[in-house]
Number of protein chains: 2
Amino acid sequence: MKTNLSLSEQTQQQRPVSWTTRRDEKARRMQSVEPWMKGPVLAQEKIVEALESVIASGDRIVMEGDNQKQADFLSRSLVQVNAKKIRDLHLIISSISRPEHLTLFELGIAKKVDFAFAGPQSLRVAQLLEDGVLEIGAIHTYVELYARLLVNLVPNVVLVCAEQADQEGNLFTGPNTEDTPVIVEAAAFHDAIVIVQVNQIVDKLPRVDIPASWVDIVVEADKPFAVEPLFTRDPRHITELQILTGMMVIRGVYERHQVQSLNHGIGFDTAAIELLLPTYGESLGLRGKICRHFALNPHPTLIPAIESGWVQSVHSFGSEVGMDDYIRARPDIFFNGRDGSLRSNRVLCQLAGQYAVDAFIGATLQMDGDANSSTVTTGRLAGFGGAPNMGHDPHGRRHSTPAWLDLKTNPSPNARGRKLVVQTLETFSKGGVPAFVETLDAVEVGKKAGMPITPIMIYGDDVSHVVTEEGIAYLYKTEGIEERRRALAAVAGISPVGLNAKPAETAELRRKGIVAYPEDIGVQRLQANRALLAARSMEDLVAWSGGLYQPPAKFRSW
Amino acid sequence: MKTNLSLSEQTQQQRPVSWTTRRDEKARRMQSVEPWMKGPVLAQEKIVEALESVIASGDRIVMEGDNQKQADFLSRSLVQVNAKKIRDLHLIISSISRPEHLTLFELGIAKKVDFAFAGPQSLRVAQLLEDGVLEIGAIHTYVELYARLLVNLVPNVVLVCAEQADQEGNLFTGPNTEDTPVIVEAAAFHDAIVIVQVNQIVDKLPRVDIPASWVDIVVEADKPFAVEPLFTRDPRHITELQILTGMMVIRGVYERHQVQSLNHGIGFDTAAIELLLPTYGESLGLRGKICRHFALNPHPTLIPAIESGWVQSVHSFGSEVGMDDYIRARPDIFFNGRDGSLRSNRVLCQLAGQYAVDAFIGATLQMDGDANSSTVTTGRLAGFGGAPNMGHDPHGRRHSTPAWLDLKTNPSPNARGRKLVVQTLETFSKGGVPAFVETLDAVEVGKKAGMPITPIMIYGDDVSHVVTEEGIAYLYKTEGIEERRRALAAVAGISPVGLNAKPAETAELRRKGIVAYPEDIGVQRLQANRALLAARSMEDLVAWSGGLYQPPAKFRSW
């Protein structure tokens, strides 16, 4: 270094004393649990002591609380550590789903949280925040939170779950993979400690999903990890308005734009569409022309469409309780391993949903006049989950498909196509509360929680279509904010937003094809009844699956 | 199925005859190579026959041709198959880098290609397309192409590379992981055949990166896989204009917006910035305040900033030739495994770059008056690589950082922040050709190649800042397309675009802070000389690394 000696000398003083602080600290901590381990396997009864030994106050801890599965043996154990010894943890958790996740804060074991979704616990999160018991770093989408594990939320310890481990510490995560691979990779490759609860330790795994080289501690849980059937909708509860909306989507969106590949958000609206494909869709001659490739969890309501030859492939974020045998019997459709069972993967399915599909469609609870929408309602900090990752036009996409090109309205040679982002909602929700509002509840909630921006789930400028029981607003075709607002008002019924609609303007929008009412696209309101559903009950779904689908107990009401 | 019997009966006829066609076909093909295998290990001399046995005409084949590493034993073997027997393959390849990739088309073994980048072969791709020898599905970004493997480009056979395998077929991909995990996962979990060339078969791997459960055939290559040092820039070639631009970026972008986490594209512009941090950046007191977390490959020019304590973490897409020992010695900074060596991963690093960083900065070759840019020039179909994934504002992001919020210009409660997308370019490229042009060459190239839209690399509406040797255009602050054009013209020198600038308008833009010239942000042009670089040669970089960095031969000119 002839040329910069003085600079180099000066720099010596800025250089860290050690480049291996994380590795050394991990070795020190692992040493302390050595007596309770046999290889990578920790004795179950030592879990609380082990957590007290490998976790230090102030640590960043990832707790696997996914959309569906929960490392609940580890979360139930973590609340038992000595709260005088372990304090002020920074909890990173994609879904705050279980009561003990928040008990950690009440006990002072944890202080700060970065998360993505808090559906079942959203009321309590808001309360603890107000009481100063809990501090929020930020609310993310799922994959955004994992991305930060690789940048500025590098963890010290991660607590995850798998179905089985072998004696060496190799893991079989089973059909419901979800987030385990990315959490473990972020930790294993930056000298964090990887602790895995497994349902069972076995001699030989059906397949290895995560290699032992990435795992530090395996512990057999007291019972199988908790998992929720979040993607199951009983067809019995699908209403005729949802069927009408579904028919409009099939004709006015999927057929119109030749949608081949798509993600369905969860809800009765999308369940209705899935159950209309083999009936209404078939009557329109659309099989093989639309809805061939899906990026979504294995919705039971998709079974009739699969059995009818509509669906060519399904890639999934996670599995769904009761669907495992059905999936195993349909390897041409699902992404199954050599052992026969599903491999899901949230990061890769999000990648598929973001860059490779024509359309996202999802229901929302509340929408303002600019088509901004949110599931945040007063007093609840529900978070975002994965919808925003699907519910936007990915500007990093460069390949064309018929649907993507069909949304290109600008004739400039420098214009690009667009992903379909379709939002469905009924103009009034249960109890007669308008779903279209002047101002989202989220604005007030965000202010009250001290958030730097409003917690909007899907931004209006990302939405291409809004479908209500009244009709379809083709927002992507509108020119300027005013026309956009008028188009939305035209399908907003007699809600506060809908009352802004003027009949003459609406007629003009229908003439221009910016708004379509059912009759404009050949959808007959009278046809919209439950006889049109390919399955009308859980029992029907089981029958369609040839008995392979096994609904969880709470759905077995027939 | 009481309710829908007739429908169900009708559906029976639409139902596929078999749900296991892919699995059965894989079993059949694997059977045919059984005689040449010992476990998962194929005898090297049988590779051509094996490829002829497991590949069928018309198959979709993924060839691992990454940005850096190449499964070249397999590509060299594939061109040797009997072209009468194997024809019309559909090749899926992220980077068309090697001559034999295109020989496949000349021989008729392959017919159609879906790819992301064709830098070294871009001229020949264009020629073969014109000659009708090759058909292009689409040109993608890297992760977009992988996403399609999970949706509508499901492969039949994938050909990838790794450093080592053990006798069971477990893989050590080594520091340069790049795309191997996602390609293998997409294939292994949809009954495609996974063939891996390895440099070496060993008894025990340093660590397992990909489990044997995901691998079908391992073959020891005749020589180690090819890998290019794409991210190495010799500081000797950094010019004073690049230093000036770098100073402006540090003051006018990074310091101004408090950029903490970022991705640097490759090029001398960003190399200059990296080498200015420990000198110019230090003199401004910015250490610890900006540029703490990086998502990028291990650029050798980042060594001085790391050694000076600027950099807290680096997550990488791949490794870089010669950097492995240095990385191994700096585990606090890089993402290394338990064995000590780097784990990189393009999909995860793209995730980090998309959702977790404040800024992307990259150089471009050509820009139009709307800030659209492309590296496509006449007669070449270069493709996109990864830049578009970094070079846009990710609408799926929901957390805030100071930089992200600082780009929020709309006071509405429903407005969001924005990622910094910074493009650098000199107003004239070598040979006096203007870099700012009225119309991108890409428009003509796209037309000629029959592409449905113009192959634009980064769209102007995604760009927040443009930095030239003249100054900075803060495009995100502009209101309306006209002001945007004026701001760009103000930094476009005497190029055709720059000649549209009017002095009075430019003065007003400077007053409003929409354009800044060096003197407006305290950057002294006279200070911009090579003495300011922390390293001025490869030798300097080696010295900074304490001898750990070992440049490839072609860079060892001292």
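The values are calculated or read from the model by the stated rules, or taken from the named source; none is laboratory data. Everything numeric in this text was worked out from a predicted model, so none of it was measured. Please note: Cβ atoms are built from the backbone with ideal geometry, for glycine as well, and neighbour counts cover all protein chains shown.
Summary of values
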| item | result |
| --- | --- |
| Qualifying residues in segment A:304-333 (those that are touching a Phe, Trp or Tyr at 6+ places or on another chain (Cβ under 7 Å) and assigned to a helix (DSSP H, G or I)) - the one surrounded by the most Cβ atoms within 10 Å (Cβ to Cβ) | A:Pro304 |
| Pairs where the first residue, in segment B:425-439, is surrounded by fewer than 16 Cβ atoms within 10 Å (Cβ to Cβ) and the second is in a strand (DSSP E or B) and not basic (Lys, Arg), C-beta under 6 Å, 6+ apart | none |
| All positions within segment A:224-249 that are closer than 25 Å to A:Ser557 by Cα and in a helix (DSSP H, G or I) | A:Pro235, A:Arg236, A:His237, A:Glu240, A:Leu241, A:Gln242, A:Ile243 |
| Residue list for segment B:282-292, restricted to those being under 26 Å from the mean Cα position of the chain (by Cα) and surrounded by fewer than 23 Cβ atoms within 10 Å (Cβ to Cβ) | B:Arg292 |
| Residue in segment B:387-405 that is surrounded by the fewest Cβ atoms within 10 Å (Cβ to Cβ), counting only those that are within 7 Å of chain A (Cβ to nearest Cβ) and more than 20 Å from A:Ala116 (Cα to Cα) | B:His392 |
| Answer residue from segment A:89-133, given it is under 19 Å from the mean Cα position of the chain (by Cα) and of a type in the set (Gly, Ala, Ser) and is farthest from the other protein chains (Cβ to nearest Cβ) among those | A:Ser97 |
| Which listed residue is over 18 Å from the mean Cα position of the chain (by Cα), more than 7 Å from every other protein chain (Cβ to nearest Cβ) and surrounded by fewer than 24 Cβ atoms within 10 Å (Cβ to Cβ), from A:Thr364, A:Thr378 | A:Thr378 |
| Residue in segment B:321-331 that is more than 11 Å from chain A (Cβ to nearest Cβ) and at positive phi present | yes |
| Test result for A:Ser18, among the small types (Gly, Ala, Ser) and surrounded by fewer than 20 Cβ atoms within 10 Å (Cβ to Cβ) | yes |
| Test: residue in segment A:446-460 that is over 18 Å from A:Gly246 (Cα atoms), crowded, with 17+ Cβ neighbours inside 10 Å and either away from every other protein chain (no Cβ under 14 Å) or in contact with a Cys (Cβ under 9 Å, 6 or more places away or on another chain) (or both) | no |
| Condition met for B:Glu444 (in a helix (DSSP H, G or I), of a type in the set (D, E, K, R) and more than 29 Å from B:Thr141 (Cβ to Cβ)) | no |
| Residue under evaluation A:Val194, criteria (1) in contact (Cβ under 8 Å) with a residue 40 or more places away in the chain; (2) buried (at least 23 other Cβ atoms within 10 Å of the Cβ), criterion not met | (1) |
| Residue ID - farthest from B:Lys408 (Cα to Cα), chosen from residues in segment B:475-490 that are hydrophobic (A, V, I, L, M, F, W, C) and without any contact (Cβ under 8 Å) to a residue 60 or more places away in the chain | B:Ala490 |
| Residue match in segment B:293-303 (condition: crowded, with 21+ Cβ neighbours inside 10 Å, among the β-branched types (Val, Ile, Thr) and assigned to a helix (DSSP H, G or I)) | yes |
| Some residue of segment B:348-357 being more than 7 Å from chain A (Cβ to nearest Cβ) and part of a loop (DSSP other than H, G, I, E, B) | no |
| Scan of segment A:76-95 for residues that are outside any strand (DSSP E or B) and either in contact (Cβ under 8 Å) with a residue 40 or more places away in the chain or not assigned by TED's automatic domain parsing to the domain that holds A:Asp179 (or both), ordered by number | A:Leu78 |
| Matching residues in segment A:106-127 - criterion: being in a helix (DSSP H, G or I) and either buried (at least 19 other Cβ atoms within 10 Å of the Cβ) or assigned by TED's automatic domain parsing to the domain that holds A:Met451 (or both) | A:Gln121, A:Ser122, A:Arg124, A:Val125, A:Ala126 |
| Filter pass, A:Leu276 being in contact (Cβ under 8 Å) with a residue 60 or more places away in the chain and of a type outside the set (Lys, Arg) | yes |
| Residue check, A:Asn156 farther than 22 Å from B:His399 by Cβ and surrounded by 21 or more Cβ atoms within 10 Å (Cβ to Cβ) | no |
| Filter pass, B:Ala507 being assigned by TED's automatic domain parsing to the domain that holds B:Ile243, buried (at least 22 other Cβ atoms within 10 Å of the Cβ) and modelled with pLDDT of 95 or more | no |
| Index of the failed condition, A:Trp404 passing every other in (1) at pLDDT below 95; (2) closer than 21 Å to A:His315 by Cβ | (1) |
| Residues that are out of contact with any Cys (no Cβ under 7 Å at 6 or more places or on another chain) and under 14 Å from B:Glu178 (Cα atoms), drawn from segment B:309-335 | B:Gly318, B:Ser319, B:Glu320, B:Val321, B:Phe335 |
| Test: residue in segment B:180-187 that is crowded, with 24+ Cβ neighbours inside 10 Å, within 24 Å of the chain's Cα centre (by Cα) and at pLDDT below 95 | no |
| Checking B:Ile139 against (1) modelled with pLDDT under 95; (2) buried (at least 20 other Cβ atoms within 10 Å of the Cβ); (3) away from chain A (no Cβ under 14 Å), the condition it does not meet | (3) |
| Segment A:532-544 residues that are at the interface with chain B (Cβ under 7 Å from one of its Cβ atoms) and part of a helix (DSSP H, G or I), paired with ones that are among the charged types (D, E, K, R) and surrounded by 23 or more Cβ atoms within 10 Å (Cβ to Cβ) (beta carbon under 7 Å, 6 or more apart) | A:Trp544/A:Glu307 |
| Flag for B:Thr506 being touching a residue at least 24 places away in the same chain (Cβ under 8 Å) and among the hydroxyl-bearing types (Ser, Thr, Tyr) | no |
| Criterion: out of contact with any helix residue (DSSP H, G or I) (no Cβ under 6 Å at 6 or more places or on another chain), β-branched (Val, Ile, Thr), crowded, with 17+ Cβ neighbours inside 10 Å and assigned by TED's automatic domain parsing to the domain that holds A:Trp310 - qualifying residue of A:Val523, A:Val491, A:Val497 | A:Val491 |
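Conditions tested, residue by residue: (1) in a loop (DSSP other than H, G, I, E, B); (2) farther than 23 Å from B:Leu145 by Cβ; (3) not assigned by TED's automatic domain parsing to the domain that holds B:Ala382.
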{"site": "B:Glu52", "(1), (2), (3)": "no, yes, yes"}
{"site": "B:Val62", "(1), (2), (3)": "no, no, yes"}
{"site": "B:Asn67", "(1), (2), (3)": "yes, no, yes"}
{"site": "B:Ser97", "(1), (2), (3)": "yes, no, yes"}
{"site": "B:Leu104", "(1), (2), (3)": "no, no, yes"}
